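Heads up: the structure comes next, in structure tokens.
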Amino acid sequence: MSTNPSLLIRIILVGLAVTLAACSSAPRRSPESERSIDRPGGERPSSPRVVEIALQHRGAPYRWGGEGPADFDCSGFVRYVYAQVGVSLPHNAAMQYKLGTPVARGDLEPGDLVFFDRLRHNGIYIGDGRFIHARQTGKHVAIASLDDDWYRTHWVGARRL
């Protein structure tokens, strides 16, 4: 059986694009261990501190599977920032979405997690309709607006830890 080289190249490129587009990596622990948020004293982390830490990493390069501090993917960035305030999160956007409590878009507070694209992307809300995130290959940790077309149309929801 002969294979059309053009078709084979298209299949490889689509597979590569799908792999690079999804920024969450496989969880490192069992799902059972990720259902609750591990934090000292069970208190909510300081929102200003979370935002301050996140902003310190603005400009860090995106790398799929990156856990910081040299490079990040989206869920690795969120995980890293929250680890700095004593909160243990999985390295997977969809699993992070299962934690905390739901927050309506109009009720967002700095430090809330925001999710997009069928739970394949997330970031940290910093206030004034903006969030910080590790975007995609070739990009860097940056601030974006929830009202940008792509983020507005791919919005899934938000969680407060």
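Where a number appears in this text, it was derived from the coordinates with a stated rule and is not lab data. Everything numeric in this text was worked out from a predicted model, so none of it was measured. All Cβ positions, glycine included, derive from the backbone under ideal geometry; neighbour counts span all protein chains shown.
For this structure, a couple of remarks:
- Local net charge near Thr137, Cβ-Cβ under 10 Å (Lys/Arg +1, Asp/Glu -1): +2
- Under the Karplus curve 6.51 cos²θ - 1.76 cosθ + 1.60, θ = phi - 60°, whole-Hz ³J(HN,Hα) for the range 76-92, x wherever Gly or Pro sits: x, 5, 4, 4, 4, 4, 5, 5, 5, 10, x, 10, 8, 10, x, 9, 6
- Once the C-beta distance of Trp150 and Ser46 is scaled by a Förster radius of 35 Å, the resulting FRET efficiency is 0.70 to the nearest 0.05.
- Extension gain for Gln136 to Arg63 (0.36 nm times residue separation, less C-alpha to C-alpha distance): 25.5 nm.
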